[in-house]
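Reviewing the structure listed below.
The values are calculated or read from the model by the stated rules, or taken from the named source; none is laboratory data. Predicted, not measured: the structure shown is a model, and the values here were computed from it. Using ideal geometry, Cβ is built from the backbone for each residue, glycine included, and neighbour counts are taken over all protein chains shown. Side chains included, ligands, DNA and RNA excluded: accessible areas come from the protein's heavy atoms. Shrake-Rupley method; radii C 1.70, N 1.55, O 1.52, S 1.80 Å.
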Amino acid sequence: APLAAAPPARAGDEPLLRGIFEIGKRSCDVVLSARRLRWSPILPESPTGDSSVALQAQEEMIEMKDVFSVKLKRRRFAGQKKGGTLLGITIFKCLNKEENKLTDCAIHLNNLSEDHCQSWFRHLKEILNGFQNRPKSLKVFINPSSHKREATHLYYEKVAPLFKLADIKTDVTVTEYEGHALSVLKECELQAFDGVVCVGGDGSVSEVAHGLLLRAQIDAGKDTDYVSKPVRAPVPLGVIPAGTTNILAHTLYGIKHAVTATLHIVMGHIQAVDVCTFSTPRKLLRFGFSAMFGFGARTLALAERHRWMPSSQRKDFAFIKTLADLKPEECELSFLPLQNLQEDSHERDRKKKERTKKGSKDQWQKIQGHFLNVSIMAIPCLCSMAPRGLAPNTRLNNGSMALIVVQNTSRTEFIKHLKRYTSVKNQFNFPFVETYTVQEVKVQPRLKSGPDAKANACLNAEGNYPWNIDGDLMKEASEVHVRVHPQLIDLYGVNTDDLECSQVTCKCI
């Protein structure tokens, strides 16, 4: 019978180079293709010539998509910055570890031939340059006040060396005041950068995200006072967690780990994410990912008035004090339910246009009463205190928001609800908690009169109510209209729903 034809090689598996390198003190046959680098030890023949007792060469490999840097390895004397004796090539790989953590490892390919190493080096660099999403130039913002004032040290100790190793050029701004990053983003030449990185907490990240999207509207010639259909951010945003809760970083990476966040940026892992606009009838307040009205906002407002305290102390104090003085807000909520979560954004837009042509209106729903807390979230909002997320029923980019309404109840029952966030139990399984999947929300507070108004410490002289938008305090007296805009910004990271621990495919040598 005729021999069956060998299966065709997969695209990118065709050998580009083949050569001999010493890896881990063993001579190896090394083969490079566009997809992977493979090597196996060169074994001596059996002295008796009996191939059945010959040791089988164990092949190892790395995927080129996991490689983020390649360098020529040289021996240099102390103080010598250039030249030196060539020893070979070092390949730096991104390695998946447990609990969604990433780290880097180095694989040394030793060979003393200058021509041999230079040829391999050029081919390896050419493959790496073919990964389009990987940034080559980044604008970096560092908030030196984040958490325990460790952000600057964290950046130069953990992040900057990896950027340098990956040949990424950086332009760093250490912010000096609230709104500094926003001012810089309005003026800087964004086209010179492949991405923007923020080293800080949730408030810093929110400011940078808002600045990027505001800049996009300005460049598109849109009116920034009222933005109904915003354009996408021009470049991706990277988040290096250096705050206390780091909700966005936890949601993107599944972990608070600066090296993991940096490697996602270096590798060009990009995730499209939904963004909300928070507006009054007169103006755009903010682009953001999540907001709380009521208890969550009152707690933040109280913490901001005690800035003289250390960060962790003032947050604990504000939480306990607000809980002790627990009181509901009277307001009216109007919301537009999401008709079908399975439909993509284009299909929903098409149906919305059809309903408009027919003269029918979307079915807004209203509820009013006394509410302890109202959460509006376009992302799951994971953090160490809420491992399942503050809004576990939404996703990063499904074009919806979670509206979570906690009606007035006793302090004891409210605490039970809050405690459930730290466990695997359903924190919404209470008769006073209602959840909705929505496209738009309008929150209209009812101004109190009489003795109750004087007792309301969170209201200022103008009668403004506090809002907690991505960890930033905003105060507004009028109705706030929240809309979700599908996949409005790209963030460096991955969808945490897809994260899983992968097998290590090479040894660190």
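What to note about this one:
- Within the stretch 328-342, considering residues that are open to solvent by 30 Å² or more (accessible area, probe 1.4 Å) and of a type outside the set (A, V, I, L, M), the one modelled with the lowest pLDDT: 342
- Residue check, residue 186 closer than 30 Å to residue 73 by Cβ and of a type outside the set (Asp, Glu): no
- Any hit, the stretch 422-435, residues being in a loop (DSSP other than H, G, I, E, B), farther than 14 Å from residue 367 by Cβ and of a type in the set (Val, Ile, Thr): yes
- Restricting the stretch 464-496 to residues that are of a type in the set (Asp, Glu) and either closer than 30 Å to residue 307 by Cβ or at pLDDT below 90 (or both), the residue that is nearest to the chain's Cα centre (by Cα) is 470.
- Residue match in the stretch 103-111 (condition: part of a loop (DSSP other than H, G, I, E, B), closer than 16 Å to residue 72 by Cα and touching an Asp or Glu at 6+ places or on another chain (Cβ under 8 Å)): yes
- The C-beta contact set for the stretch 384-408 (first residue under 21 Å from residue 423 (Cα atoms), second residue part of a loop (DSSP other than H, G, I, E, B) and charged (D, E, K, R), distance under 8 angstrom, 6+ apart or interchain) comprises 384/256.
- Listing of strands (runs of 3 or more DSSP E) fully contained in the stretch 219-327 that carry 1 or more residues being out of contact with any helix residue (DSSP H, G or I) (no Cβ under 7 Å at 6 or more places or on another chain) and either more than 30 Å from residue 164 (Cα to Cα) or open to solvent by 30 Å² or more (accessible area, probe 1.4 Å) (or both): 270-279, 284-288, 290-294
- In the stretch 97-111, the residues that are touching a Ser or Thr at 6+ places or on another chain (Cβ under 8 Å) and under 26 Å from residue 83 (Cβ atoms): 106, 107, 108, 109
- If the condition is being in contact with a helix residue (DSSP H, G or I) (Cβ under 9 Å, 6 or more places away or on another chain) and aliphatic (A, V, I, L, M), then the stretch 192-215 contributes 196, 197, 199, 205, 208, 209, 212, 214.
- Restricting the stretch 371-385 to residues that are touching a Gly at 6+ places or on another chain (Cβ under 6 Å) and of a type outside the set (A, V, I, L, M, F, W, C), the residue that is nearest to residue 334 (Cα to Cα): 373
- Filter pass, residue 452 being acidic (Asp, Glu) and at pLDDT 85 or above: no
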